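Here the structure comes first, spelled out in C-alpha coordinates, and everything after it is commentary.
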Amino acid sequence: MKTPRLPALRSRRSFLGELAAGAAVAAFAPSVRGQPAAPRKLGIAIAGLGGYAAGQLAPALQLTQHCEVRGVVTGTPAKGREWAQHFRFPETSIYSYDTMARLADNRDIDLVYVVTPNALHPAHTIAAAKAGKHVICEKPMANTVAECDAMLAACRAAKVKLSIGYRLQFEPHNLAMKERARSAEFGPYLKLSGALAFPIRRRVWRVEKALAGGGPLMDVGIYCIQAAGMAADTTGTNHAKFAPVAITAREHPKTRPEFFLDVEEGIDWTMEFANGAKGEFMTSYNVGADRFRAEGAKDWIEFAPAFPYGGLKVTTARGPLALAVPPSQQAVQMDHFAQCVREGRESPVSGEMGRRDMVIIEAIYASAAGGGKRVAVKV
Ligand code: NDP
(Lines give C-alpha, C1' and ligand atoms only; values in the text may rest on other atoms or scores of the structure.)
Protein backbone atom coordinates (compact mmCIF):
# COMPACT_ATOMS: atom_id res chain seq x y z
CA MET A 1 0.00 0.00 0.00
CA LYS A 2 1.33 3.46 -0.86
CA THR A 3 2.00 5.53 2.25
CA PRO A 4 -0.52 8.41 2.43
CA ARG A 5 0.87 11.91 2.17
CA LEU A 6 1.18 13.85 5.39
CA PRO A 7 -1.85 16.11 5.92
CA ALA A 8 -1.51 19.73 4.90
CA LEU A 9 -0.09 21.50 7.91
CA ARG A 10 -2.86 23.72 9.13
CA SER A 11 -2.06 26.49 11.55
CA ARG A 12 -2.60 25.83 15.22
CA ARG A 13 -4.96 28.80 15.22
CA SER A 14 -7.22 27.30 12.54
CA PHE A 15 -7.43 24.07 14.54
CA LEU A 16 -8.33 25.97 17.68
CA GLY A 17 -11.00 27.80 15.74
CA GLU A 18 -12.50 24.59 14.40
CA LEU A 19 -12.48 22.96 17.78
CA ALA A 20 -13.94 25.91 19.60
CA ALA A 21 -16.70 26.18 16.99
CA GLY A 22 -18.24 22.85 17.96
CA ALA A 23 -19.89 22.89 21.36
CA ALA A 24 -20.29 19.14 20.98
CA VAL A 25 -16.53 18.70 21.16
CA ALA A 26 -16.01 21.15 24.01
CA ALA A 27 -14.82 18.35 26.27
CA PHE A 28 -11.92 17.73 23.92
CA ALA A 29 -11.04 21.34 23.08
CA PRO A 30 -7.71 22.78 24.19
CA SER A 31 -7.53 25.50 26.82
CA VAL A 32 -8.22 28.99 25.51
CA ARG A 33 -7.04 32.48 26.35
CA GLY A 34 -7.75 33.47 29.92
CA GLN A 35 -7.29 29.98 31.29
CA PRO A 36 -4.10 28.88 33.08
CA ALA A 37 -1.15 28.09 30.80
CA ALA A 38 -1.01 24.43 29.78
CA PRO A 39 1.88 22.37 31.16
CA ARG A 40 4.75 21.34 28.84
CA LYS A 41 3.57 19.00 26.09
CA LEU A 42 5.05 15.53 25.99
CA GLY A 43 7.27 14.80 22.99
CA ILE A 44 6.36 11.79 20.83
CA ALA A 45 8.59 9.93 18.40
CA ILE A 46 6.61 7.92 15.86
CA ALA A 47 8.31 4.63 14.95
CA GLY A 48 7.22 3.37 11.50
CA LEU A 49 5.99 6.00 9.04
CA GLY A 50 3.48 3.90 7.10
CA GLY A 51 -0.20 4.14 6.30
CA TYR A 52 -1.59 4.46 9.81
CA ALA A 53 1.12 6.85 11.01
CA ALA A 54 0.79 9.25 8.07
CA GLY A 55 -2.93 8.80 7.38
CA GLN A 56 -4.33 8.86 10.94
CA LEU A 57 -1.72 9.67 13.60
CA ALA A 58 -0.17 12.67 11.83
CA PRO A 59 -3.49 14.55 11.52
CA ALA A 60 -4.43 13.50 15.07
CA LEU A 61 -1.13 14.92 16.33
CA GLN A 62 -2.16 18.32 15.02
CA LEU A 63 -5.14 18.13 17.39
CA THR A 64 -3.52 16.81 20.55
CA GLN A 65 -3.32 19.12 23.54
CA HIS A 66 -0.82 17.22 25.63
CA CYS A 67 1.67 15.80 23.15
CA GLU A 68 3.38 16.67 19.90
CA VAL A 69 5.73 15.03 17.41
CA ARG A 70 9.37 15.72 18.25
CA GLY A 71 11.06 12.88 16.41
CA VAL A 72 10.66 9.75 14.31
CA VAL A 73 12.16 6.29 13.97
CA THR A 74 12.19 5.10 10.37
CA GLY A 75 13.96 2.88 7.88
CA THR A 76 13.28 5.47 5.16
CA PRO A 77 15.36 8.63 5.78
CA ALA A 78 13.44 10.63 3.13
CA LYS A 79 10.20 10.13 5.08
CA GLY A 80 12.02 11.14 8.25
CA ARG A 81 13.09 14.42 6.66
CA GLU A 82 9.54 15.05 5.42
CA TRP A 83 8.17 14.53 8.96
CA ALA A 84 10.93 16.75 10.42
CA GLN A 85 9.98 19.55 8.05
CA HIS A 86 6.28 19.04 8.57
CA PHE A 87 6.35 18.93 12.38
CA ARG A 88 9.31 21.31 12.70
CA PHE A 89 11.70 19.16 14.70
CA PRO A 90 15.45 18.97 14.02
CA GLU A 91 16.83 16.27 11.70
CA THR A 92 18.99 15.10 14.61
CA SER A 93 15.73 13.68 16.00
CA ILE A 94 15.37 11.25 13.08
CA TYR A 95 16.42 7.76 14.21
CA SER A 96 16.67 4.41 12.47
CA TYR A 97 15.49 1.15 14.09
CA ASP A 98 19.19 0.39 14.77
CA THR A 99 19.88 3.68 16.54
CA MET A 100 16.90 3.69 18.92
CA ALA A 101 19.26 3.42 21.91
CA ARG A 102 20.29 7.01 21.15
CA LEU A 103 16.78 8.17 22.03
CA ALA A 104 18.04 8.00 25.61
CA ASP A 105 20.04 11.20 24.93
CA ASN A 106 17.05 13.12 23.56
CA ARG A 107 15.26 14.91 26.37
CA ASP A 108 12.66 16.39 24.00
CA ILE A 109 11.19 12.92 23.47
CA ASP A 110 9.14 11.41 26.29
CA LEU A 111 7.39 8.58 24.51
CA VAL A 112 7.61 6.42 21.42
CA TYR A 113 4.54 5.33 19.42
CA VAL A 114 5.34 1.98 17.74
CA VAL A 115 3.44 1.67 14.43
CA THR A 116 5.50 -0.96 12.63
CA PRO A 117 4.37 -4.41 11.41
CA ASN A 118 3.19 -6.65 14.27
CA ALA A 119 6.29 -8.87 14.48
CA LEU A 120 8.46 -5.82 15.10
CA HIS A 121 6.40 -4.46 18.01
CA PRO A 122 8.37 -6.35 20.70
CA ALA A 123 11.84 -5.26 19.50
CA HIS A 124 10.79 -1.65 19.00
CA THR A 125 8.88 -1.44 22.30
CA ILE A 126 11.76 -2.96 24.23
CA ALA A 127 14.31 -0.67 22.54
CA ALA A 128 12.19 2.39 23.41
CA ALA A 129 11.77 1.23 27.02
CA LYS A 130 15.49 0.63 27.38
CA ALA A 131 16.06 4.19 26.17
CA GLY A 132 13.83 5.30 29.07
CA LYS A 133 10.81 6.25 26.91
CA HIS A 134 7.16 5.48 27.62
CA VAL A 135 5.49 3.49 24.85
CA ILE A 136 2.23 3.30 22.96
CA CYS A 137 2.36 0.11 20.90
CA GLU A 138 -0.11 -0.53 18.10
CA LYS A 139 -2.41 -3.53 18.10
CA PRO A 140 -1.87 -6.43 18.17
CA MET A 141 0.68 -5.97 20.96
CA ALA A 142 2.86 -8.80 19.60
CA ASN A 143 2.56 -12.14 17.85
CA THR A 144 2.69 -14.31 20.99
CA VAL A 145 1.89 -14.11 24.69
CA ALA A 146 5.56 -14.84 25.45
CA GLU A 147 6.56 -11.71 23.52
CA CYS A 148 3.95 -9.67 25.44
CA ASP A 149 5.52 -10.92 28.69
CA ALA A 150 8.96 -9.79 27.51
CA MET A 151 7.59 -6.35 26.61
CA LEU A 152 5.84 -5.98 29.97
CA ALA A 153 9.01 -7.03 31.79
CA ALA A 154 11.15 -4.55 29.83
CA CYS A 155 8.75 -1.67 30.58
CA ARG A 156 8.58 -2.62 34.25
CA ALA A 157 12.39 -2.82 34.49
CA ALA A 158 12.79 0.58 32.83
CA LYS A 159 9.96 2.05 34.95
CA VAL A 160 8.14 3.31 31.86
CA LYS A 161 4.42 3.11 31.05
CA LEU A 162 3.02 1.00 28.23
CA SER A 163 -0.30 1.43 26.46
CA ILE A 164 -1.80 -0.28 23.39
CA GLY A 165 -3.30 1.66 20.46
CA TYR A 166 -6.85 0.48 21.18
CA ARG A 167 -8.78 3.51 19.94
CA LEU A 168 -12.15 1.81 20.62
CA GLN A 169 -11.52 2.29 24.35
CA PHE A 170 -11.89 6.05 23.75
CA GLU A 171 -14.85 5.96 21.35
CA PRO A 172 -17.93 7.47 23.08
CA HIS A 173 -20.53 4.95 21.80
CA ASN A 174 -18.39 2.01 22.86
CA LEU A 175 -17.86 3.65 26.24
CA ALA A 176 -21.64 4.11 26.51
CA MET A 177 -22.12 0.41 25.73
CA LYS A 178 -19.62 -0.50 28.45
CA GLU A 179 -21.48 1.67 30.96
CA ARG A 180 -24.91 0.35 29.93
CA ALA A 181 -23.67 -3.23 30.26
CA ARG A 182 -22.91 -2.57 33.91
CA SER A 183 -26.11 -0.66 34.72
CA ALA A 184 -29.18 -2.34 36.16
CA GLU A 185 -31.33 -0.35 33.72
CA PHE A 186 -29.77 -1.78 30.52
CA GLY A 187 -27.42 -4.66 31.23
CA PRO A 188 -26.18 -7.26 31.22
CA TYR A 189 -25.69 -8.12 27.53
CA LEU A 190 -25.80 -11.89 27.16
CA LYS A 191 -25.80 -12.40 23.39
CA LEU A 192 -23.01 -10.79 21.37
CA SER A 193 -22.09 -10.93 17.72
CA GLY A 194 -19.72 -9.07 15.43
CA ALA A 195 -17.62 -9.12 12.31
CA LEU A 196 -14.81 -7.07 10.84
CA ALA A 197 -13.48 -8.11 7.46
CA PHE A 198 -12.13 -6.64 4.24
CA PRO A 199 -10.79 -8.19 1.05
CA ILE A 200 -7.02 -8.13 0.42
CA ARG A 201 -5.91 -8.62 -3.18
CA ARG A 202 -2.25 -7.44 -3.10
CA ARG A 203 0.59 -9.22 -1.30
CA VAL A 204 1.48 -7.09 1.72
CA TRP A 205 3.12 -7.92 5.09
CA ARG A 206 -0.39 -8.46 6.53
CA VAL A 207 -0.62 -11.85 4.76
CA GLU A 208 2.87 -13.02 5.81
CA LYS A 209 2.91 -14.89 9.08
CA ALA A 210 6.51 -13.88 9.83
CA LEU A 211 5.55 -10.20 9.98
CA ALA A 212 1.83 -10.30 10.81
CA GLY A 213 1.72 -13.28 13.18
CA GLY A 214 -1.51 -14.46 11.55
CA GLY A 215 -4.17 -13.25 9.16
CA PRO A 216 -7.27 -11.07 9.64
CA LEU A 217 -7.75 -12.20 13.24
CA MET A 218 -4.52 -10.42 14.26
CA ASP A 219 -5.29 -7.37 12.15
CA VAL A 220 -9.02 -6.68 12.42
CA GLY A 221 -10.69 -9.60 14.22
CA ILE A 222 -9.04 -8.17 17.34
CA TYR A 223 -11.58 -5.30 17.23
CA CYS A 224 -14.40 -7.78 17.86
CA ILE A 225 -12.43 -9.11 20.84
CA GLN A 226 -12.08 -5.54 22.12
CA ALA A 227 -15.76 -4.69 21.67
CA ALA A 228 -16.86 -8.01 23.23
CA GLY A 229 -14.75 -7.24 26.30
CA MET A 230 -16.47 -3.87 26.65
CA ALA A 231 -19.97 -5.34 26.18
CA ALA A 232 -19.57 -8.38 28.41
CA ASP A 233 -17.63 -6.92 31.33
CA THR A 234 -20.09 -6.40 34.15
CA THR A 235 -17.48 -6.96 36.84
CA GLY A 236 -16.33 -3.35 37.07
CA THR A 237 -13.00 -4.47 38.51
CA ASN A 238 -9.90 -4.97 36.35
CA HIS A 239 -11.15 -4.36 32.81
CA ALA A 240 -7.68 -4.93 31.32
CA LYS A 241 -7.80 -8.53 32.52
CA PHE A 242 -11.48 -9.24 31.87
CA ALA A 243 -11.66 -12.21 29.48
CA PRO A 244 -13.93 -14.99 28.25
CA VAL A 245 -13.64 -18.34 29.99
CA ALA A 246 -13.66 -20.44 26.81
CA ILE A 247 -13.32 -20.26 23.04
CA THR A 248 -14.28 -22.38 20.04
CA ALA A 249 -13.10 -21.55 16.51
CA ARG A 250 -13.23 -22.78 12.92
CA GLU A 251 -10.98 -21.56 10.14
CA HIS A 252 -12.73 -20.86 6.81
CA PRO A 253 -11.75 -23.12 3.94
CA LYS A 254 -9.20 -21.24 1.78
CA THR A 255 -10.54 -20.09 -1.59
CA ARG A 256 -7.05 -18.70 -2.47
CA PRO A 257 -4.57 -21.08 -0.81
CA GLU A 258 -1.74 -19.84 -3.06
CA PHE A 259 -2.27 -16.32 -1.66
CA PHE A 260 -2.92 -17.13 2.01
CA LEU A 261 0.11 -19.40 2.32
CA ASP A 262 0.62 -19.46 6.07
CA VAL A 263 -2.16 -17.29 7.52
CA GLU A 264 -5.92 -17.86 7.74
CA GLU A 265 -8.11 -16.37 5.03
CA GLY A 266 -10.96 -16.12 7.51
CA ILE A 267 -12.10 -17.53 10.82
CA ASP A 268 -15.30 -17.85 12.91
CA TRP A 269 -15.07 -18.05 16.66
CA THR A 270 -17.23 -18.03 19.78
CA MET A 271 -16.52 -16.60 23.22
CA GLU A 272 -18.18 -17.78 26.45
CA PHE A 273 -18.11 -15.53 29.50
CA ALA A 274 -18.39 -16.44 33.19
CA ASN A 275 -21.84 -14.80 33.56
CA GLY A 276 -23.30 -16.92 30.75
CA ALA A 277 -22.86 -14.31 27.99
CA LYS A 278 -21.92 -15.79 24.62
CA GLY A 279 -20.65 -14.26 21.42
CA GLU A 280 -20.22 -15.30 17.80
CA PHE A 281 -17.65 -13.50 15.64
CA MET A 282 -16.12 -13.56 12.18
CA THR A 283 -13.15 -12.02 10.45
CA SER A 284 -11.85 -12.45 6.92
CA TYR A 285 -9.53 -11.06 4.23
CA ASN A 286 -11.95 -12.25 1.57
CA VAL A 287 -15.20 -10.36 2.16
CA GLY A 288 -16.33 -7.06 3.65
CA ALA A 289 -18.08 -6.78 7.06
CA ASP A 290 -18.21 -4.20 9.84
CA ARG A 291 -20.78 -4.74 12.60
CA PHE A 292 -21.25 -5.45 16.30
CA ARG A 293 -24.35 -6.23 18.37
CA ALA A 294 -24.94 -6.83 22.06
CA GLU A 295 -28.30 -7.99 23.37
CA GLY A 296 -29.84 -8.59 26.79
CA ALA A 297 -33.29 -8.88 28.35
CA LYS A 298 -33.64 -5.08 28.77
CA ASP A 299 -31.72 -3.57 25.86
CA TRP A 300 -29.88 -4.21 22.65
CA ILE A 301 -27.26 -2.07 20.99
CA GLU A 302 -26.14 -2.41 17.41
CA PHE A 303 -23.18 -0.81 15.61
CA ALA A 304 -23.17 -0.82 11.78
CA PRO A 305 -20.58 0.24 10.84
CA ALA A 306 -18.93 -0.53 14.15
CA PHE A 307 -15.20 0.05 13.83
CA PRO A 308 -14.30 2.95 11.48
CA TYR A 309 -12.32 6.00 12.58
CA GLY A 310 -15.56 8.00 12.54
CA GLY A 311 -19.14 7.79 11.30
CA LEU A 312 -20.29 4.88 13.46
CA LYS A 313 -24.06 4.25 13.24
CA VAL A 314 -25.48 3.05 16.53
CA THR A 315 -29.03 1.95 17.31
CA THR A 316 -30.46 0.69 20.58
CA ALA A 317 -33.74 -0.86 21.72
CA ARG A 318 -34.84 2.69 22.66
CA GLY A 319 -33.80 4.33 19.39
CA PRO A 320 -30.69 5.73 17.71
CA LEU A 321 -27.69 6.66 19.86
CA ALA A 322 -25.85 9.62 18.36
CA LEU A 323 -23.32 10.92 20.84
CA ALA A 324 -20.93 13.82 20.33
CA VAL A 325 -17.67 12.47 19.04
CA PRO A 326 -14.22 14.04 19.21
CA PRO A 327 -12.62 15.13 15.93
CA SER A 328 -10.11 12.29 16.26
CA GLN A 329 -10.24 9.05 18.27
CA GLN A 330 -6.45 8.89 18.07
CA ALA A 331 -5.94 12.42 19.44
CA VAL A 332 -8.03 11.53 22.50
CA GLN A 333 -6.17 8.24 22.87
CA MET A 334 -2.72 9.89 22.73
CA ASP A 335 -3.72 12.76 25.01
CA HIS A 336 -5.12 10.31 27.55
CA PHE A 337 -1.83 8.41 27.63
CA ALA A 338 0.15 11.64 27.91
CA GLN A 339 -1.97 12.56 30.95
CA CYS A 340 -1.34 9.13 32.49
CA VAL A 341 2.41 9.60 32.02
CA ARG A 342 2.30 13.08 33.45
CA GLU A 343 0.34 11.91 36.49
CA GLY A 344 2.46 8.77 36.96
CA ARG A 345 -0.48 6.36 36.66
CA GLU A 346 -1.05 3.26 34.51
CA SER A 347 -3.26 3.64 31.48
CA PRO A 348 -6.40 1.49 31.78
CA VAL A 349 -5.63 0.55 28.15
CA SER A 350 -2.49 -1.13 29.33
CA GLY A 351 0.06 -3.66 28.16
CA GLU A 352 -1.89 -6.12 30.35
CA MET A 353 -4.91 -5.59 28.10
CA GLY A 354 -2.77 -6.18 25.00
CA ARG A 355 -1.46 -9.39 26.58
CA ARG A 356 -5.02 -10.49 27.47
CA ASP A 357 -6.06 -10.17 23.82
CA MET A 358 -3.05 -12.25 22.74
CA VAL A 359 -4.10 -14.98 25.21
CA ILE A 360 -7.56 -14.94 23.58
CA ILE A 361 -6.07 -14.96 20.06
CA GLU A 362 -3.80 -17.90 20.90
CA ALA A 363 -6.86 -19.76 22.24
CA ILE A 364 -8.77 -19.03 19.00
CA TYR A 365 -5.91 -20.39 16.86
CA ALA A 366 -5.53 -23.42 19.18
CA SER A 367 -9.23 -24.22 18.89
CA ALA A 368 -9.19 -23.87 15.09
CA ALA A 369 -6.08 -26.07 14.88
CA GLY A 370 -7.88 -28.65 17.01
CA GLY A 371 -10.89 -28.76 14.68
CA GLY A 372 -13.10 -26.49 16.79
CA LYS A 373 -12.48 -28.02 20.21
CA ARG A 374 -13.43 -25.92 23.26
CA VAL A 375 -10.33 -24.20 24.67
CA ALA A 376 -10.28 -22.72 28.16
CA VAL A 377 -8.90 -19.18 28.44
CA LYS A 378 -6.59 -18.31 31.34
CA VAL A 379 -5.32 -14.74 31.42
P1 NDP B 1 2.15 0.02 6.79
O2 NDP B 1 2.64 -1.14 6.01
O3 NDP B 1 1.39 1.06 6.06
O4 NDP B 1 3.38 0.76 7.50
C5 NDP B 1 4.29 0.07 8.31
C6 NDP B 1 5.58 0.87 8.38
O7 NDP B 1 6.46 0.17 9.25
C8 NDP B 1 6.31 1.00 7.04
O9 NDP B 1 5.88 2.07 6.26
C10 NDP B 1 7.75 1.18 7.52
O11 NDP B 1 7.95 2.55 7.86
C12 NDP B 1 7.80 0.40 8.84
N13 NDP B 1 8.50 -0.89 8.68
C14 NDP B 1 9.62 -1.24 9.37
N15 NDP B 1 10.02 -2.46 9.02
C16 NDP B 1 9.16 -2.91 8.09
C17 NDP B 1 9.07 -4.12 7.33
N18 NDP B 1 9.95 -5.13 7.49
N19 NDP B 1 8.07 -4.25 6.45
C20 NDP B 1 7.15 -3.27 6.28
N21 NDP B 1 7.20 -2.09 6.98
C22 NDP B 1 8.20 -1.91 7.86
O23 NDP B 1 1.30 -0.55 8.00
P24 NDP B 1 0.20 0.20 8.87
O25 NDP B 1 0.63 1.57 9.14
O26 NDP B 1 -1.14 0.00 8.26
O27 NDP B 1 0.22 -0.68 10.21
C28 NDP B 1 1.26 -0.54 11.16
C29 NDP B 1 0.76 -1.04 12.53
O30 NDP B 1 -0.34 -0.23 12.92
C31 NDP B 1 0.25 -2.47 12.53
O32 NDP B 1 0.63 -3.09 13.73
C33 NDP B 1 -1.25 -2.35 12.46
O34 NDP B 1 -1.92 -3.42 13.06
C35 NDP B 1 -1.47 -1.05 13.21
N36 NDP B 1 -2.68 -0.34 12.76
C37 NDP B 1 -3.57 0.08 13.69
C38 NDP B 1 -4.73 0.72 13.31
C39 NDP B 1 -5.68 1.20 14.36
O40 NDP B 1 -6.79 1.64 14.00
N41 NDP B 1 -5.32 1.18 15.64
C42 NDP B 1 -5.06 0.94 11.90
C43 NDP B 1 -4.02 0.52 10.98
C44 NDP B 1 -2.88 -0.12 11.42
P45 NDP B 1 9.36 3.26 7.63
O46 NDP B 1 9.55 3.31 6.14
O47 NDP B 1 9.19 4.57 8.27
O48 NDP B 1 10.41 2.40 8.32
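With a threshold of 32 Å on the Cα-Cα distance, the over-threshold entries among Lys191/Lys254; Lys133/Lys209; Lys161/Lys313 are Lys161/Lys313. Annotation: the antiparallel percentage among DSSP beta bridges lying fully within the chain is about 55.
Counting only the Cα atoms, the chain fills a convex hull of 141 Å³ per residue. Descending by average beta-carbon neighbour count within 10 Å, the peptides 209-222, 249-262 line up as 209-222, 249-262, the highest first. Shape of region 101-174 from its Cα gyration tensor (a ≥ b ≥ c, root eigenvalues): rounded if a/c is under 1.5, otherwise prolate when a/b > b/c, or oblate? Oblate. Note on Arg107 and Arg201: the model spin-label points, each 7 Å out from Cα along the C-beta direction, lie 5.4 nm apart. What residues of region 128-149 lie in the reach of a label at Asp262, counting those whose backbone N is under 20 Å from a point 7 Å from the Cα along Cα→Cβ? 140-148, by backbone N distance to the label point. Length gained on full extension, Val245 to Arg5, computed as 0.36 nm times the residue gap minus the Cα-Cα distance: 82.0 nm. Rounded to the nearest 500, the helix-only mean residue ellipticity at 222 nm of the chain stands at -8500 deg cm²/dmol, with each DSSP H run of n ≥ 4 adding -39,500 (n - 2.57). Ordering 101-108, 272-279 by mean Cβ neighbour count within 10 Å, with the highest value first, yields 272-279, 101-108.
Can you list the trypsin sites (Lys or Arg not before Pro) in region 284-379 that are in a DSSP coil and have 16 or fewer other beta carbons within 10 angstrom?
Taking region 284-379 and a limit of 16 other Cβ atoms within 10 Å, the loop trypsin sites (Lys or Arg not before Pro) found are Lys298, Lys313, Arg318, Arg345, Lys373, Arg374, Lys378.
For the full complex of protein chains and a 1.4 angstrom probe, list Met100, Met282 by accessible area with the highest value first.
Met282, Met100
If the segment from Ala322 to Lys298 were pulled out straight at 0.36 nm per residue, it would be longer than the present Cα-Cα gap by 6.7 nm.
The values are calculated or read from the model by the stated rules, or taken from the named source; none is laboratory data. Remember, predicted model here, so these are calculated numbers, not experimental data. With ideal geometry, Cβ positions are generated from the backbone for all residues, glycine too; neighbour counts draw on all protein chains shown. Surface areas here come from the heavy atoms of the whole protein model, side chains and all, with no ligands, DNA or RNA. Shrake-Rupley method; radii C 1.70, N 1.55, O 1.52, S 1.80 Å.
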